[in-house]
Amino acid sequence: MEGFIATGLIGISLGSQYTLLALGFTLIFGILGVVNFAHGGFYVMGGYVAYYCSAVLGLPYVVALLIALAATFVLGWLFEVLILERVIDDHQATLMVTMGFYLVLATGILVIFGAESPEFSFPISGVWRVGDVYFPYANMVVLGACLAAIVFVFWLVYRTNVGRSLRAMAEDRTVASALGMPTKILFPFAFALATGLAGLTGALVTPILALAPHVGDPVLAFSFLTVILGGLGSVTGATIAAFIVGLIEAYAAVYLGGSKGALTLFVLVLVILVIRPQGLMGKEVRRA
Amino acid sequence: MDGANLTRGDALRVESISKAFGGLKVFHDVNFTMPAGGLLGVIGPNGAGKTTMINIISGRLPPSSGRVMLGDTRVDSQPVYSNAGRGLVRSFQQTATFNDNSIEDNLLSAIRFSGKDRSVLERLAVLLEKFGLVENWRRDANLLPYGLQKMLGLTMALATEPRMLLLDEPAAGLEKSERGNIDDYIAFAQTEFNCGVLLVEHDMDLIKRLCPQVIVLDGGKLIAEGAPGEVLARKDVIDAYLGGSDEEDDHAQHS
Amino acid sequence: MSNATVSRLLERRSPFFSGYEWVTLALVLATFAVPFLTVNPQIMSQTNLILIAATAALGVYIMLRMDLMSFAVPSFMAIGGYTVAILSIRLGITDVFVLAAAAFIVPALLAIPLGWLILRLKGVYFVLVTFVLTEIVQLLLFEAAPLTGGANGLVGMPAVKIFGFELWDNSHVLLTTAGLAFTGFLITAIFTRRYRYEFAAIEKNDVLAESLGLACWKYKALAFAVAAGVSGLAGFALVNMLMTAHPTSFAPMSSVNYITYTIVGGKASILGTLVGAILLVSATDYFALSGELSPGLYGLLIIVVTLVAKGGVIGMLTKTVQRLRGRNGGGLTNPKPALAEGKS
Ligand SMILES: Nc1ncnc2c1ncn2[C@@H]1O[C@H](COP(=O)(O)OP(=O)(O)O)[C@@H](O)[C@H]1O
Ligand SMILES: [Mg+2]
């Protein structure tokens, strides 16, 4: 029973991480109509920036987090404006440039930091214990930070004027710009927000999971899983799906072992894509 | 080919068709019949559901309820290509051609996909010449003027040797001077191919000129039916038309 | 009178193969000569790798005829490769013709029900589902250990035989690969040309094509099956070269490589896929000292081609040749190999 609860906690904290990744991914798809293959790259970059700031420069971890967020936000903004915007109407081209950018980003990190995993561990250690249920403090802090970030994103999307504009642009890009919304700023903002979230997640999570140049690959795969399950472009769907994915993964790892959990998830998602391409919460399939 | 080919005696019967998109009810319980080889005009303000009606008859969209019969064959909810194989072929409100392909390749594709023989081009020669398609034979479709693209699309539909044509605003976007082409086209389809024509159109002069019979769709209902002269004089029909008349997206344009 | 006009217009017949197909097939055929011209193992293994890469990338090329970007190549390579490994190790079947037929047919048959399921999806959704598929196959290779050997893979494949003659040394392996590659290229060339009208129509406007009577799904499913089969041949060549079938040979991310070959070489013609594979595999080799750099190079090239040279290498060459010749380029220098060949 204790194991069951502890596994559930792990599942929830995984779910909160996936939510942060998936929210960004789904925002980009919903608003720009782009599948961002570079998403995992920003996650890795966030991890390395945080590592460099805290472990190499000796800055406090919180500052390192903010720098990681800022760096991935800025790079995302630049990428959107300089590259993505030029091919935004051609879905295949957007796929190619984000994929290309991921390769460049991952290779750049490899060249700068090397292939070895650096020493990067969470500044807080220790384990919270009730009865026989254990939960590391580090995971608790990450969970709290992720939940706070999720609340912030929901507040931004559903309670602010910026969010209203973003949602209007997700409905129809041309109409939104015809209505005088500052799309020239809002599109890169949306992209940068998403990559910033990925970077922040990387900075928070890589010290407790793993940091290496290639850890973006599974991140991309899990972002795919989550947003397909939740419905591409749906913020609520992505959140629910992320927790489902996190819990399934945690329980499957304990009770099934090996990669059966991942296999279960992938097959589940394949089935969902086929019988309900719009996902659990998605609306009509966006005409691609 | 799936199903039997349409014989000359087959009428098109739309039987209490309703259609809703989610909460949006487009129409409810619409009935009409179109005699074989006949010509029926369909009018109605923008958003009345005319294109949706063509989508349902051709099989592109399933109706929410009701059915569409072509002779003894049910055609709603059948694959579009099977219906095309039965001779039930539609045109599109906006230009619809295979971009980056010449007029020749566009026409040859239409012939090939419908399993017909190239000799149909000989039958169409008069039209091809008249519309100016021959002059531009090797030019890519998307580089042609709008009117010519539209005529190419219509001619491609005819190149499948249809028995029943569903035309979605063929004159929309044409210059006044080009509209005579539509008269010629429809006359040709009827005489040369014995083809029935369902004509959705906004150009009232054209409707009056050509159609012995029209139906009016508005507010989700079929509000009038009869000869164009009397139907177009009715007050409710005139009121229905006092709305807008801007062009609408047809969802056929491929991006 | 007008009848005469239309028949005259149709007199010109377009050739079945365009210049691109002829050049491509000739180049692939020429690799049979390599083992007779050199004993340099470096050149032989390089040629081997290029042929395998190019054949695999044909799976991307075929699906791109209909504007579908496929990440599924490694899955079908794996199915082809493991089929061969299982047949030869477990059942002792080593005849190269039997194995090649199995490497093509098994993936192709599996692709038919899969295609039936996923080909309703377009654009982004198709991309996502093929990506997911590749992940699933990768995980299955690890999980289905009794069949696939799990993380150890299947090792110790016997040499294949042709007419009872063992193909065991380096040059034999290259000849086997060349034979498989040529088969793959020939099948692809014939298939994509035979149905070029159908594919071009599905790419340009599938709604219109369907309204004219084309059963689009049949052609998509057929193309998916043929693409799977050709990738399977590449999988055979790969496991034959390594004498091992191992999951890492079919890593999901390698799908990006095959896409890159096709796009950088030029997706409009089959020659593009071959040229892309030649250039990029050679470049990888050239930068071998820092082999880890090649993904970055691929990434950079993908971005550059997408932004400034849409047609890839072959597209640019074609354009240049056309400009030099003026507007009257014909034959090889055709910008649109789909329907528009032979313009004069
Ligand atoms: N695929 C669709 N999904 C949702 N709504 C649609 C779809 N197609 C048409 N509609 C809606 O149905 C109504 C009728 O559209 P349409 O048939 O195009 O009208 P018309 O051709 O008479 O101008 C419009 O309100 C339109 O927005
Ligand atoms: Mg309409």
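The values are calculated or read from the model by the stated rules, or taken from the named source; none is laboratory data. Keep in mind the model is a prediction, meaning the values are calculated, not measured. No Cβ is skipped: glycine too gets one built from the backbone with ideal geometry, and neighbour counts run over all protein chains shown. These accessible areas exclude ligands, DNA and RNA; they are computed on the full protein's heavy atoms, side chains included. Shrake-Rupley method; radii C 1.70, N 1.55, O 1.52, S 1.80 Å.
Using Cα positions and a limit of under 24 Å, work out the lysines in reach of C:K122, with same-chain residues fewer than 8 apart set aside.
A:K283, C:K204, C:K218, C:K220, C:K267, C:K310, C:K336
In region C:208-240, which residues give up 40 Å² or more of accessible area once the other protein chains are added, compared with their chain alone (1.4 Å probe)?
C:L208, C:E210, C:S211, C:L212, C:G213
Sort the following peptides by mean Cβ neighbour count (other Cβ atoms within 10 Å, averaged over residues), highest first: C:128-138, A:44-54, A:101-111.
A:44-54, C:128-138, A:101-111
Can you compute the FRET efficiency between B:E192 and B:N31 using 1/(1 + (r/R0)^6), with r the Cβ-Cβ distance and R0 = 25 Å? Round to the nearest 0.05.
0.25
Would you please classify the overall shape of the protein assembly as shown from the alpha carbon gyration tensor, given that a ≥ b ≥ c denote the square roots of the eigenvalues, rounded means a/c under 1.5, and beyond that prolate means a/b larger than b/c while oblate covers the rest?
Note, shape of the protein assembly as shown comes out oblate.
Take every Cα-Cα distance within region C:189-313, group them into 5 Å bins from 0 onward, and report for each bin the whole-number percent of pairs it holds.
Histogram of Cα-Cα distances, whole percents per bin: 2, 9, 14, 18, 19, 16, 11, 6, 3, 1, 0, 0.
List the accessible area buried at the contact between C and B, summed over both sides and calculated with a 1.4 Å probe, in Å² to the nearest 100.
Buried area between the two chains comes out at roughly 3300 Å².
Please list C:L27, C:L87 from largest to smallest accessible area, probe radius 1.4 Å, with all protein chains kept in place.
Final ranking, largest accessible area leading: C:L27, C:L87.
Taking each residue of B:55-65 in turn, how many C-beta atoms of other protein chains fall within 10 Å of its C-beta, and what is the average?
Partner-chain Cβ atoms within 10 Å, mean over residues of B:55-65: 1.
Over region A:116-248, what is the relative contact order in whole percent, taking alpha-carbon pairs under 8 Å and six or more residues apart?
With pairs under 8 Å counted, the relative contact order is 21 percent.
How large is the dipole of region B:133-224 about the Cα centre if only Lys and Arg carry +1 and Asp and Glu carry -1, each at its Cβ, rounded to the nearest 20 debye?
For region B:133-224, the charge dipole is close to 80 debye.
Can you give the helix-only mean residue ellipticity at 222 nm for chain A, where every DSSP H stretch with n ≥ 4 adds -39500 (n - 2.57) and the sum goes over all residues, rounded to the nearest 500 deg cm²/dmol?
Values: 11 runs with 204 residues, N = 288.
Calculated mean residue ellipticity at 222 nm is -24000 deg cm²/dmol.
Taking springs between alpha-carbon atoms closer than 10 angstrom, which of A:P123, A:P188, A:P213 fluctuates most in the Gaussian network model of chain A?
A:P123
What Rg and what Dmax come out for region B:12-244 when only alpha-carbon atoms are used, in angstroms?
Reported Rg and Dmax, both Å: 17.3, 50.
What is the angle, in °, between the Cα long axis of helix C:270-286 and the longest principal axis of the Cα atoms in chain C? Nearest 10 is fine, range 0 to 90.
For helix C:270-286, the angle is close to 40 degrees.
Quick check: the distance between the Cα centres of region A:142-185 and region A:64-99, to the nearest angstrom?
So the separation of the two Cα centres works out to 17 Å.
Quick one: plug the Kirkwood hydrodynamic radius of chain A (C-alpha pairs) into Stokes-Einstein at 10 °C, 1.306 mPa s, and report D in µm²/s.
Details: Rh = 19.2 Å.
After rounding, the answer is 83 µm²/s.
Karplus couplings for region C:237-247 from phi (6.51 cos²θ - 1.76 cosθ + 1.60, θ = phi - 60°), rounded to Hz, Gly and Pro as x?
4, 5, 5, 5, 5, 7, 6, 8, 10, 10, x
For B:M53, what accessible surface area do you get with a 1.4 Å probe? Give it in Å², rounded to 10.
The accessible area comes out at roughly 10 Å².
Which whole-number percentage describes the relative contact order of chain C, with Cα contacts under 8 Å and a sequence gap of 6 or more?
That works out to 29 percent.
Please report the equivalent ellipsoid semi-axes of region B:8-88, computed as sqrt(5 x eigenvalue) of the Cα gyration tensor, largest first, in whole Å. Intermediate values should be presented prior to the final figure.
Values: eigenvalues 84, 43, 25 Å².
Listed largest to smallest, the semi-axes of region B:8-88 are 20, 15, 11 Å.
Checking an interface number: how much accessible area is buried between C and A, summed over both chains, with a 1.4 Å probe, in Å² rounded to 100?
For C against A, buried area totals roughly 3800 Å².
Sequence gap at least 6, Cα distance under 8 Å: using those rules, report the relative contact order of region B:12-244 to the nearest whole percent.
Value for region B:12-244: 26 percent.
Say each of A:V175 and A:F152 gets a label point 7 Å from the Cα, pointing the same way as Cα to Cβ; how far apart are those two points in nm?
Going by the 7 Å Cα→Cβ label model, 3.2 nm.
Choose one of C:G299, B:P63, C:V275: the residue whose Cα lies farthest towards the positive end of the charge dipole of the protein assembly as shown (beta-carbon charges +1 Lys, Arg; -1 Asp, Glu; about the Cα centre).
Of the candidates, C:V275 comes out farthest on the positive side.
Could you give the spread of the C-alpha atoms of region C:9-79 along their three principal axes, from largest to smallest, in whole angstroms?
Projected onto the principal axes, the Cα atoms of region C:9-79 cover 54, 32, 15 Å.
Helix A:91-113: angle to the longest alpha-carbon principal axis of chain A, degrees 0 to 90, nearest 10?
Helix A:91-113 sits at roughly 40 degrees to that axis.
Could you go through region B:48-58 in sequence order and give the Karplus-derived ³J(HN,Hα) for each residue, using 6.51 cos²θ - 1.76 cosθ + 1.60 with θ = phi - 60°, rounded to whole Hz, and x for Gly and Pro?
For region B:48-58, the Karplus curve yields 6, x, 5, 5, 4, 4, 5, 4, 6, 4, 7 Hz.
For chain A, with all protein chains present and a 1.4 Å probe, just round the carbon and sulfur fraction of the accessible area to a whole percent.
Reported share for carbon and sulfur atoms: 68 percent.
Treating only the Cβ of Lys, Arg, Asp and Glu as charged (+1, +1, -1, -1), what charge dipole size does the protein assembly as shown show about its Cα centre? Round to the nearest 20 debye.
Values: 60 positive and 63 negative charges, 143 e Å.
Computed about the Cα centre, the dipole is about 680 debye.
Counting each DSSP H run of 4 or more residues in chain B as -39500 (n - 2.57), what helix-only mean residue ellipticity at 222 nm follows after dividing by all residues, to the nearest 500 deg cm²/dmol?
Computed ellipticity for chain B at 222 nm equals -9500 deg cm²/dmol.
Between C:W22 and A:L78, what is the spin-label point distance in nm, taking each point 7 Å from the Cα along the Cα→C-beta axis?
Placing both labels 7 Å beyond Cα along the Cβ direction yields 5.0 nm.
Per-residue counts of other Cβ atoms within 10 Å, averaged by peptide: what ranking do you get for C:186-195, C:263-272, highest first? Kindly include the intermediate steps, with their values, before the conclusion.
Values: C:186-195: 18.3, C:263-272: 27.2.
Peptide ranking by packing, descending: C:263-272, C:186-195.
Could you work out how far helix A:161-171 tilts from the main Cα principal axis of chain A, as a 0 to 90 degree angle to the nearest 10?
70
How large is ³J(HN,Hα) for each residue in region B:192-200, as worked out from phi by the Karplus curve 6.51 cos²θ - 1.76 cosθ + 1.60 (θ = phi - 60°), to whole Hz, x for Gly and Pro?
With the stated coefficients, region B:192-200 comes to 6, 10, 6, 9, x, 10, 9, 10, 8 Hz.
Running a GNM on chain B with Cα contacts under 10 Å, which residue among B:A157, B:A171, B:A227 ends up with the highest mean-square fluctuation?
B:A227
Shielding of C:63-72 by partners, i.e. mean partner chain Cβ atoms within 10 Å per residue? Before the final figure, lay out the partial values.
Numbers: counts 0, 1, 0, 0, 3, 1, 5, 0, 1, 0.
Rounded to a whole number, the mean comes out at 1.
If I compute solvent accessible area with a 1.4 Å probe over the protein chains, what percent of it on region B:12-244 is carbon and sulfur? All intermediate terms of the calculation are to be shown ahead of the outcome.
Numbers: 3980 of 8240 Å².
On region B:12-244, the fraction of accessible area on carbon and sulfur atoms equals 48 percent.
Per residue of chain C, what 222 nm ellipticity follows from adding -39500 (n - 2.57) for every DSSP H run with n ≥ 4, rounded to the nearest 500?
Mean residue ellipticity at 222 nm (helix-derived): -23000 deg cm²/dmol.
If you count only protein heavy atoms with a 1.4 Å probe, what accessible area per residue comes out for chain C, rounded to a whole Å²?
I get 39 Å² per residue for chain C.
Cα extents of region A:5-85 along the three principal axes, largest first, in whole Å?
42, 37, 15
Of all the Cα-Cα pairs you can form in region C:4-251, what percent are over 27 Å apart?
Tail fraction, whole percent: 39.
Quick one: which of C:226-236, A:157-167, C:201-211 comes out on top by average Cβ neighbours within 10 Å, and what's the full order, highest first?
Ranked from most to least packed, the peptides come out as C:226-236, C:201-211, A:157-167.
Per residue, how much accessible area does chain A have with a 1.4 Å probe, in Å²?
With all protein chains present, chain A gives 41 Å² per residue.
How many angstrom separate the Cα center of region C:206-276 from the Cα center of region A:114-128?
Using only Cα atoms to place each centre, the spacing works out to 42 Å.
Let me confirm one metric for peptide B:96-107, namely the mean number of other chain beta-carbon atoms within 10 Å of its residues' beta-carbons.
6
Given a 1.4 Å probe, how much area per residue of chain B is accessible, in Å²? Before the final figure, lay out each step's value.
On the way: 9920 Å² over 255 residues.
Using a 1.4 Å probe on heavy atoms only, each residue of chain B averages 39 Å².
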